[in-house]
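First the structure, in the form of structure tokens, and then the observations on it.
The values are calculated or read from the model by the stated rules, or taken from the named source; none is laboratory data. Quantities reported herein were computed from a predicted structural model and do not represent experimental measurements. Glycine gets a Cβ as well: all are built from the backbone with ideal geometry, and neighbour counts include every protein chain shown. Accessible surface is based on the protein model in full, side chains and every heavy atom, while ligands, DNA and RNA are left aside. Shrake-Rupley method; radii C 1.70, N 1.55, O 1.52, S 1.80 Å.
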Amino acid sequence: MSTRELPTYCRICEPLCGLIATVEDGRLIQLRADKEHPLSRGNACPKGIAFTEIQNDPDRVLYPLRRTAAGEFERVSWDTALDEIGERLRGLIDEHGMHSLGWYFGNPSSFSYSHTLWMLGFQMAAGLKHVYSAGSQDINNRFVASQLLYGSSTSVPVPDLDRTDFLLMLGANPLVSHGSAMSVPRVRDKLTAITKRGGRVVVIDPRNTETAKLFEHVGVRADGDAWLLATLLQVIFEEGLEDTEALRRQATGARELRDAVARFTPEATAEVTGLEPDRVRALARDLARAESAAVYGRTGTCLGRHATLVAFLIDALGLVTGNLDQPGGSVFGKELVAVSKLNARLGLIGYGKNRSRIGGFPDVLGTFPAAIMAKEITTPGPGRLRALFTSAGNPVSSVPNGRELASAMEQLDLFVSIDIYVNDTNRMADYILPATTFLERDDIPLPFTALSPTPYTQYTERVLEPYGEAREEWRIVDDIATRIGVQPFALGAARPVGRLLSGLRRRMPRLPARPTPQLLVDLAVRTGPYGDLFGLRRGGLSLRMLRRHPHGLVLADGITTGVLREVVMHKGGRVQLDPDEIIIELRGLADRPADPTYPLRVIGLRELKSHNSWMHNVEPLMRGDREHAARINPKDAAVAGIQDGDRCRVTSPHGSIEVTARLTEDMTEGTVAIPHGWGHRGGWQRANAAGGANVNDLMSTDLADVERLAGMSNLNGIPIRLDPVA
């Protein structure tokens with residue numbers, strides 16, 4: 001019997017906590033927190049520890065599956081599956097063109113450099129137009145706000161938690177989510193350290209969340225963030241609290257922004273925000289007068305009707321108060337790979353380079369709104385989506401109105417899924433191709449170094465050989481691509497990446513014609529801001545060097561400030577506070593008309609033992625009293641005639657679900673919180689048995705309900721009513 005203990009790191013969420021894997025004769029026996037990890041230091045959440053159950057889950061897909069005429073799945077060989085997929089794709093391309101092909105990739109792909117890299121390579125080499133991702137249910141508005149502000153979609157500021165005196169947090173619950181758009185292991189310690197040194201943490205949320213309970217809670221009404229942020233700016237400008245020197249030095253358009261927010265006085269917005277004017281004025285003054293302050297917003301601010309405007313105003317508030325690119329404020333980390341500068345030079349991905357066939361939405365980093373996928377499938381005409389691939393994704397569960405998408409998928413000529421489970425979406429696929437778990441591949445967290453207040457990175461080899469016949473996603477993408485004559489990252493290709501690789505080969509004649517992801521990432525790391533420049537920078541990074549630090553490596557004590565001129569890609573190097581898109585939206589900003597038929601609003605809720613839709617098959621996470629329940633203020637429940645523990649019907653203008661009611665004073669009056677990702681119908685037995693409902697059945701995919709600037713799904717602040725179920 002051979003037993004090994006191997007360091008690696010968790011790739012479920014963004015802290016990337018260090019783990020130790022105990023492997024016995026090729027099987028995972030246990031995962032535990034890595035005490036030698038320099039940042040997580042022996043801390044890991046229940047999901048990371050419980051990943052052993054996913055790795056060894058008997059419901060995992062370990063062999064290629066093909067749908068039979070009877071609608072069941074049968075095991076086939078890899079060659080059979082890939083050859084048949086290739087043949088069907090070639091027929092579709094001959095008849096309808098390459099633009100009839102599409103791809104949807106889910107959240108886990110962001111944690112696999114090789115998956116992301118080859119997906120992007122395939123998209124560019126094939127010229128795919130139909131590309132969708134979980135980003136339109138998550139974070140794409142943040143990228144668009146960065147594009148408008150800084151001219152760089154991938155430049156995202158993070159709160160300088162170690163030095164701030166005042167953290168203003170909107171729509172985020174990091175004690176449960178562990179932080180997002182910031183990579184912070186032991187985030188609870190970081191937040192409590194702020195108050196221990198005499199600072200303040202103010203949490204703005206319709207729910208008194210686990211995070212808010214530790215600090216100061218401001219119970220804003222659902223989807224009132226844009227009005228509140230505009231009001232804070234109005235007070236600061238009106239009372240002369242803005243940092244005029246920072247505005248002069250860092251920005252253009254301050255006067256136009258001031259004029260645009262002038263009508264948002266605390267009295268004018270009180271009904272929308274639900275906040276007393278004096279309280280809003282005090283918050284604005286405290287923020288502006290703090291020695292240092294950071295403003296941070298996350299998922300709750302990303303899923304309302306004005307998601308891009310909210311993300312924009314969060315950063316604008318930081319700049320106007322003199323806290324952008326300043327110690328203790330909102331700061332810009334150094335990328336592990338120079339993505340922003342490379343992208344600016346090559347124009348690989350960005351914003352608004354293309355428009356969607358349905359709705360004319362701008363692309364965000366090469367992707368369109370997932371909410372329009374169903375209509376792209378069902379609407380006749382040139383460019384209709386006919387063949388769909390999904391990887392690490394479950395869009396029927398995660399997009400609005402999954403019933404519409406499930407129905408539309410029946411019209412596809414080909415549906416292929418790359419995944420580790422038969423889920424609620426791919427149960428309708430023609431083929432399911434088994435992917436590896438994160439423990440069965442090498443990895444490095446490329447996007448997250450710049451999002452860590454303490455810059456660090458970690459390279460991990462695979463700690464397990466793939467179970468069954470599972471393959472890494474990049475290899476599957478490559479196998480499919482080559483069968484239709486497409487070669488991602490081929491040297492000499494006409495597209496920018498091919499030209500870049502050809503240039504590298506002139507300097508490095510031994511570079512193979514078809515490089516691997518590992519080779520490409522090593523080249524990217526070595527030529528990046530922390531890289532060894534092939535020996536020219538002593539102590540710089542390469543994969544070889546990182547292998548000598550298997551528990552991870554801290555790259556700097558903190559984020560360097562004074563870098564805004566390097567970050568901003570706009571001409572003149574100054575932040576733009578008055579882009580037309582934002583000024584127009586501010587001038588037209590209006591609350592939803594009141595509808596007595598739907599007097600309440602529903603928001604999402606993150607759960608400690610869930611992660612989106614893919615962790616409900618894990619026995620240790622589903623023990624005890626786990627249930628899918630709506631959190632309701634007792635006063636709202638009384639009006640509806642509902643008591644704690646009752647079954648209740650939640651109805652919106654677009655759909656209806658039934659859930660258990662749980663009454664709690666944590667909810668502000670008028671708002672109901674329901675977790676997402678429940679209500680399963682897939683090949684995962686425990687998840688199916690867990691019951692619940694898909695809260696996104698309440699949401700709309702009408703084009704008017706998809707946020708225009710970033711194509712964000714509107715999943716928060718939806719009008720609803722409650723009714724008891726007999």
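Points worth noting:
- Within the stretch 198-214, not a single residue is among the hydrophobic types (A, V, I, L, M, F, W, C), part of a loop (DSSP other than H, G, I, E, B), buried (at least 22 other Cβ atoms within 10 Å of the Cβ) and under 21 Å from the mean Cα position of the chain (by Cα).
- A search for C-beta distances below 6 Å between a residue of the stretch 304-317 that is of a type in the set (Gly, Ala, Ser) and any residue that is assigned to a helix (DSSP H, G or I) and open to solvent by 10 Å² or more (accessible area, probe 1.4 Å), counting only pairs 6+ apart in sequence or on different chains, returns Ala311/Arg142.
- Residue within the stretch 488-496 that is modelled with pLDDT of 70 or more and over 27 Å from the mean Cα position of the chain (by Cα) present: yes
- Sole residue being open to solvent by 40 Å² or more (accessible area, probe 1.4 Å) and either over 30 Å from Ser155 (Cα atoms) or more than 27 Å from the chain's Cα centre (by Cα) (or both), chosen from Arg606, Arg647: Arg647
- Test: Arg601 is under 30 Å from Val176 (Cα atoms), among the charged types (D, E, K, R) and in a strand (DSSP E or B): yes
- Filtering the stretch 672-695 to residues that are open to solvent by 10 Å² or more (accessible area, probe 1.4 Å) and either in a helix (DSSP H, G or I) or among the aromatic types (Phe, Trp, Tyr) (or both) leaves Gln685, Arg686, Asn688, Ala689.
- Filtering Ala481, Ala408 for residues that are over 30 Å from Asn716 (Cα atoms), open to solvent by less than 10 Å² (accessible area, probe 1.4 Å) and modelled with pLDDT of 95 or more leaves a single hit, Ala481.
- Criterion: part of a strand (DSSP E or B), more than 23 Å from Pro108 (Cα to Cα) and in contact (Cβ under 8 Å) with a residue 40 or more places away in the chain - qualifying residue of Leu161, Leu168, Leu149: Leu168
- For the stretch 41-77, the tally of residues that are touching a Lys or Arg at 6+ places or on another chain (Cβ under 6 Å) and under 29 Å from Leu608 (Cβ atoms) stands at 3.
- All of Val337, Val310, Val280, Val295 fail the test of being among the hydrophobic types (A, V, I, L, M, F, W, C), over 27 Å from Phe448 (Cα atoms) and touching a helix residue (DSSP H, G or I) at 6+ places or on another chain (Cβ under 6 Å), apart from Val280.
- Scanning the stretch 221-280 for residues that are acidic (Asp, Glu), surrounded by fewer than 23 Cβ atoms within 10 Å (Cβ to Cβ) and assigned to a helix (DSSP H, G or I) yields Glu238, Glu245, Glu256, Asp259, Glu267, Glu271, Asp278.
- Exactly one residue out of Leu65, Leu89, Leu39, Leu101 is of a type in the set (A, V, I, L, M), crowded, with 18+ Cβ neighbours inside 10 Å and in contact with an Asp or Glu (Cβ under 9 Å, 6 or more places away or on another chain), and it is Leu65.
- Scanning the stretch 525-539 for residues that are under 31 Å from the mean Cα position of the chain (by Cα) and either without any contact (Cβ under 8 Å) to a residue 60 or more places away in the chain or assigned to a strand (DSSP E or B) (or both) turns up Arg526, Gly531, Asp532.
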